[in-house]
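A short reminder: the numbers here are calculations on the coordinates, not readings from a lab. The structure presented is a predicted model; accordingly, all values stated were derived computationally and were not measured. Note: ideal-geometry Cβ built from the backbone for every residue, glycine included; neighbour counts use all protein chains shown.
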Amino acid sequence: MKKRDIVILLIIIVLAIALGAILGKVILDRVI
Amino acid sequence: MNKKVKYIIFTLTFLVVFCLSAIVRIQLLGSAPMKLIEVNWNENVGTEYADLDYKNDNGNKYDLYIPQNLDKERNQYLILFIHGGSFNSGSKEDGDVWCKYYASKGYITATVDYTLQNQGKEASIFLMNEEIENAVQAIKVKTSELGYNVVGMASSGVSAGGTLAMNLAYNYNSVIPVKFVFQLAAPTYFEPNDWSLLKKVNGWNLNEEFLKVMTGFDLNEKNYMEQIKKISPSSLVNENTVPTLLGYGLRDHCVPLNQKRYLIDSLDKYEVLYDYIEFPKSNHGMYNDLDKMQEFIDTSLKYCERFFY
């Protein structure tokens, strides 16, 4: 992997954490 | 590494991290209220007696928690936790943290299973009320065997468990006198037209189906009111009703918001002592107002000091 790919991967991970956390909150707020 | 493999790695990484993040957030948020009352339970805090029998036809059991070094010469008090779950789910284990917390404060506690509506058995609220009363009877016997004189109790519960806790307190059929009740997000009145969501979730198309399950009787639109009143806490309130601590979320979409109003109106009408704690940002899970949850717990302990005598 090139350095650029690792940076992209890190951005993807951060984005996934943020979006997943939002989804978790929405699920709790809507379902329960 | 070719482009295709790279894209697959990126996509898989995103999906896995995305799902994990959602699960972790749900776990953290959902368990936040219970974190407030978590105690480090060990033999220095108390003893748990698990899966004790009480009189019922469906193998339900209860768990009992006795604080360490509890004085056998003095009168003692019980706090009973009744789990929620729309009358068709949940278990006594849901009350484990709750019971350990109040046991750590010096009260005998118990959490009880009762027959649920998803077990293929008749499970009306009348039956559940009777089972809870039988459980209290068994707790009285068991605590006497252990050497404790339990002279009063508080019933407590969440959601459906809160309804059963109020029914136990307001029906006066408990062998241990109920001194007060505290509940979160409990249904208080079973007028079928108020319960469209519950009917939809359970696939009950007609009000008659709802009434049959809740009361155990074949009822029609004309003759249901009398039975409904017998299982609805807000209809059981009278001038002798015990003090009540209640908490409701303003964003609850499981239990209709008018349910708290029915109860508060009845408590006001008969001038019953009560405290209402509002959770402005919470839905049925009550996890979005931790300050209010803390206030609820603190108030319940003040009730113990005030009404356990």
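Summary of computed values
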| read-out | value |
| --- | --- |
| Spin-label zone in the range B:16-40 - amide nitrogen under 19 Å from a point set 7 Å from the Cα of A:Ala18 along the C-beta vector | B:16-26 |
| DSSP beta bridges in the protein assembly as shown [antiparallel fraction, %, rounded to 5] | 25 percent |
| Sequence-separation-based contact order of chain B, relative, with Cα cut under 8 Å and 6+ spacing, percent | 15 percent |
| Nonlocal amide H pairs with B:Lys61, under 5 Å, H built at 1.01 Å | B:Asp113 |
| Neighbourhood charge, 15 Å Cβ-Cβ cut-off, centred on B:Lys121 and excluding it, Lys, Arg +1 and Asp, Glu -1 | -4 |
| 222 nm mean residue ellipticity, helices alone, for chain B (DSSP H n ≥ 4; -39,500 (n - 2.57); rounded to 500) | -13500 deg cm²/dmol |
| Sparse-neighbour loop sites [trypsin sites (Lys or Arg not before Pro); the range B:175-250; at most 14 other C-beta within 10 Å; DSSP] | B:Lys222 |
| Trypsin sites (Lys or Arg not before Pro) restricted to the range B:48-99 and DSSP loop, no more than 16 other C-beta within 10 Å | B:Lys55, B:Lys72, B:Arg74 |
| Theoretical gain in end-to-end length, B:Glu48 to B:Asn240 [0.36 nm per residue, Cα-Cα removed] | 65.7 nm |
| Dipole magnitude of the protein assembly as shown, debye to nearest 20 (Cβ charges: Lys/Arg +1, Asp/Glu -1, about Cα centre) | 1820 debye |
| Among beta bridges that DSSP assigns inside chain B, antiparallel share in %, nearest 5 | 25 percent |
| Label point distance in nm, B:Thr299-B:Asn220, each placed 7 Å from Cα along Cα→Cβ | 4.4 nm |
| Cross-link pairs B:Lys35/B:Lys302; B:Lys140/B:Lys212; B:Lys55/B:Lys281; B:Lys35/B:Lys199; B:Lys55/B:Lys100 - those with Cα-Cα distance over 30 Å | B:Lys140/B:Lys212; B:Lys55/B:Lys281; B:Lys35/B:Lys199 |
| Anisotropy class of the range B:96-212 from Cα gyration tensor, a/c 1.5 cut | prolate |
